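Undergrad: Pasting in a structure now, in structure tokens, and then I'll have a few things to ask.
The values are calculated or read from the model by the stated rules, or taken from the named source; none is laboratory data. Just so it is clear, the structure is predicted and the values come from calculations on it, not from any experiment. Note: ideal-geometry Cβ built from the backbone for every residue, glycine included; neighbour counts use all protein chains shown.
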Amino acid sequence: MREQRLDSFYAKLRDSALSSSSSPVLIFPSTSDVDSLCALKIIFHILESDSIQYACYPVSSFHEIHKYTSSSLNDKPLSVVLVNWGNHRDLRKALNLGPHARVFVVDSHRPIHLRNLSDQNDAVVVLFTKDDEQQSDLAYDFDLTTLANATAAAGDSDSEPESDSDSDSDSDSESEGNGTRKRRKKNPEDDEEDPIKLYRKLKKDYYRLGTFHGKPSGCLMYELAHFLRKNTNELLWLACISLTDQFVHERLSDERYQDGVMELEQHINSSGNLDAVTSVTLKDGTKIPAPNSSQITYEEQPRLMLLQEWSLFDSMMCSSYIATKLKTWSENGTKKLRLLLGRMGFALVDCQQKFQHMNVEVKRKMKQEFERFLPEYGLTDFYYRSFLRVHRYSSKVSAADVVFGVTALLESFVKSDGSCASKQFGVAYDALSLDNIDNLRTGMQQAIKIQRAILRQGSAAITKSGCIRSGRTFRWLKLEDSHDTKFLGYPQALTKFCYFLMDALREKGAAMKPLLCACLSQEPGKVLIVGVCGRPRLAGARGNAFGIAFRTAAEEIGTEFFHELFESSWIVLDASAVNSFMSYTALQTQLLPLLSPSWKPKTATILTLQLSNNFPLKTGSSTSAWLDPPNIPSRRSSACDICGDPLKFLFKYEANVFASTKKESAFHQMPFDFMCPSMKCLLRDQHKQISLAVD
């Protein structure tokens with residue numbers, strides 16, 4: 001069931017924990033992102049303040065939870081908390097919950113499985129506030145709670161969003177007594193009048209919106225702590241890190257990030273950070289940092305990754321924002337960078353020193369000179385609003401640098417199946433605290449190595465002909481350099497590489513397309529594949545739709561695969577199956593829009609569909625068995641000759657469509673287009689080519 005209020009969510013969790021006091025609250029945090037760690041720390045603080053016992057087991061995939069729970073979820077009272085995972089699955093069924101177990105979910109992943117949101121499912125409580133829904137990058141134009149309750153009432157047999165079939169029976173033909181089909185014109189208002197058809201349409205549209213992210217879990221948990229009057233400066237800093245984690249990893253739009261920044265700035269102002277004593281003056285007049293000071297500030301920060309940990313020159317050379325604009329991997333790009341620094345009056349020898357030891361005068365002039373010269377190079381968004389922390393005697397640390405360092409620590413320990421040892425997970429968890437600054441700096445140095453690998457492999461992919469393969473719907477490439485795959489063979493690192501490559505291609509003038517990248521995994525014979533569709537945009541049309549295509553393609557080619565990671569656009573499979581996997585994924589991403597009832601071509605006039613003639617031919621005809629000329633009535637117009645499924649009406653042509661040859665084929669003369677809706681049927685027939693062109 002959905003819980004829209006923070007206080008009600010915690011009240012239910014607390015009551016459930018007290019009713020099952022013989023067992024501690026079992027907390028299962030995701031090891032995939034920093035936001036999960038921040039939310040976990042805040043949850044610990046809240047539970048400890050109420051003297052509620054808990055046990056924590058970090059997990060990296062859906063199946064991993066069963067190692068810790070076995071049969072305990074269905075035979076005794078138990079309270080379970082899932083942090084940043086679980087929304088995508090029907091948890092009551094996936095976890096085999098008994099009548100006494102309750103699961104509480106704090107997860108930013110969207111969409112949420114409708115069964116988890118149903119009011120009739122009191123075994124699962126999902127925190128999903130109304131503000132989060134209304135401020136999301138992708139909005140729903142229907143009432144989500146009503147749709148979730150309708151799903152439970154309908155008792156649909158599907159257990160996962162991915163299994164929603166397009167082969168429902170709402171065909172656009174009517175049966176006549178002789179067994180043939182009579183075509184009729186479909187009335188768009190029929191679906192609105194028929195509640196069952198309307199429900200099915202809304203359900204499909206809901207899942208086909210793709211995956212995206214809601215409000216960071218760490219920010220939600222800080223709001224809960226603030227409401228309960230349990231908030232501290234440390235928890236506020238964790239909320240800042242959570243928001244920054246989503247921003248630097250491209251999980252939310254710039255507009256939503258700015259809204260989040262404004263909210264946290266209000267908390268910073270009201271918590272007395274601006275009035276904190278950060279330095280003390282000795283008797284001789286010397287000022288030193290206050291030993292017990294801990295201050296959070298906000299200011300404009302440059303888009304220079306880990307600037308405090310390396311030199312200004314190296315940070316500008318490797319940071320994605322500048323590297324893709326200036327093409328710093330090339331000789332001309334390096335010359336541009338040197339020229340830029342010279343025009344700003346910065347000596348190269350100063351810029352190549354570690355930033356902490358760089359000339360103070362250069363540091364003071366940086367912002368002014370950057371704002372003066374960078375717009376000439378197209379770097380108009382070089383500064384962004386961010387957060388800093390001054391902690392005791394340590395220097396300032398930015399929230400973005402903490403995210404990069406802790407993420408690198410998290411992924412340093414991830415195996416190909418996503419598993420992560422608890423002790424090693426604890427290292428990343430401890431690095432969130434500035435009392436363990438050495439652990440954090442270790443992660444930052446690892447992040448620097450990852451960023452250098454991104455620059456090397458990105459430049460190689462762009463400059464080497466044929467490295468990036470481009471299809472009609474997406475581009476893809478495979479990384480096989482053993483030296484750099486040890487840095488990039490992890491989900492977050494590989495995702496970051498994909499965004500770097502998309503930015504670099506855009507600067508070259510290439511059309512924007514989704515990108516898939518396959519990288520050799522740490523496990524021999526395995527590859528990790530990540531798909532990205534572009535940066536989130538406010539009021540965007542769609543999220544990342546690769547999840548459904550990935551699973552279906554892997555199942556169809558019959559290879560061993562692992563699709564249990566917490567992002568559906570990540571998958572691990574056999575290295576030998578990459579080419580086949582990409583081909584099947586391309587086929588599905590081209591057919592998926594056609595099978596969607598809400599899809600329309602750009603002008604709704606011309607649709608050209610070219611299929612290899614691999615279907616069996618009808619007797620005495622040159623037409624494939626699944627297609628009928630308009631003047632030859634046949635049962636094949638109503639059923640596929642291969643799988644027997646009813647053919648689905650797709651589109652009525654509003655203009656003449658001509659074949660590539662002068663002679664029009666029977667297919668191109670058809671005023672109506674029918675198609676077998678079975679994806680498995682089409683894939684098993686192994687079409688040589690499907691190309692879609694919409695004018």
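Undergrad: Among the residues of the range 8-15, is there at least one that is out of contact with any strand residue (DSSP E or B) (no Cβ under 6 Å at 6 or more places or on another chain), over 23 Å from residue 118 (Cα atoms) and in the same structural domain as residue 116 (by the TED database)?
TA: no
Undergrad: Looking at (1) farther than 30 Å from residue 239 by Cα; (2) at pLDDT below 95; (3) surrounded by 13 or more Cβ atoms within 10 Å (Cβ to Cβ), can you tell me which one residue 313 breaks?
TA: Result: residue 313 passes all but (2).
Undergrad: For residue 62, state whether it is in contact (Cβ under 8 Å) with a residue 40 or more places away in the chain and surrounded by fewer than 21 Cβ atoms within 10 Å (Cβ to Cβ).
TA: yes
Undergrad: Of all residues in the range 350-407 being among the aliphatic types (A, V, I, L, M) and assigned to a strand (DSSP E or B), which is farthest from residue 491 (Cα to Cα)?
TA: The selected residue is 390.
Undergrad: In the range 562-577, which residues are surrounded by fewer than 21 Cβ atoms within 10 Å (Cβ to Cβ) and aromatic (Phe, Trp, Tyr)?
TA: Answer for the range 562-577, where residues must be surrounded by fewer than 21 Cβ atoms within 10 Å (Cβ to Cβ) and aromatic (Phe, Trp, Tyr): just 562.
Undergrad: May I ask you to say which residue of 553, 510, 541, 493 is out of contact with any Asp or Glu (no Cβ under 8 Å at 6 or more places or on another chain) and crowded, with 19+ Cβ neighbours inside 10 Å?
TA: Within the list 553, 510, 541, 493, the selection yields 553.
Undergrad: All but one of (1) over 21 Å from residue 314 (Cβ atoms); (2) touching a residue at least 12 places away in the same chain (Cβ under 8 Å); (3) surrounded by fewer than 18 Cβ atoms within 10 Å (Cβ to Cβ) hold for residue 478; which doesn't?
TA: (3)
Undergrad: Taking the range 460-512, which residues are hydroxyl-bearing (Ser, Thr, Tyr) and part of a loop (DSSP other than H, G, I, E, B)?
TA: Within the range 460-512, 465, 473, 490 qualify.
Undergrad: Restricting to the range 550-588, and then to whatever is without any contact (Cβ under 8 Å) to a residue 60 or more places away in the chain and assigned to a loop (DSSP other than H, G, I, E, B), can you tell me which residue is nearest to the chain's Cα centre (by Cα)?
TA: The residue in question is 563.
Undergrad: Filter the range 446-468 for residues that are in contact (Cβ under 8 Å) with a residue 24 or more places away in the chain and among the basic types (Lys, Arg); which is nearest to residue 313 (Cα to Cα)?
TA: 452
Undergrad: Sticking with this one: Please verify whether the range 325-337 includes one or more residues that are part of a helix (DSSP H, G or I) and under 20 Å from residue 389 (Cα atoms). Before the answer, list the steps.
TA: If we filter the range 325-337 for residues that are part of a helix (DSSP H, G or I), which is where we start, we get 325-326, 331-337.
If we keep only those that are under 20 Å from residue 389 (Cα atoms) too, we end up with none.
No, the range 325-337 contains no residue that is part of a helix (DSSP H, G or I) and under 20 Å from residue 389 (Cα atoms).
Undergrad: Could I ask something else about it? Collect the residues in the range 83-98 that are crowded, with 22+ Cβ neighbours inside 10 Å, touching a residue at least 40 places away in the same chain (Cβ under 8 Å) and either outside any loop (DSSP other than H, G, I, E, B) or of a type in the set (Ser, Thr, Tyr) (or both), keeping them in residue-number order.
TA: 83
Here's the yes/no breakdown for (1) modelled with pLDDT of 90 or more; (2) within 15 Å of residue 473 (Cβ to Cβ):
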residue: 527; (1), (2): yes, no
residue: 534; (1), (2): no, yes
residue: 537; (1), (2): no, no
residue: 553; (1), (2): no, yes
residue: 556; (1), (2): no, no
residue: 564; (1), (2): no, no
residue: 570; (1), (2): yes, no
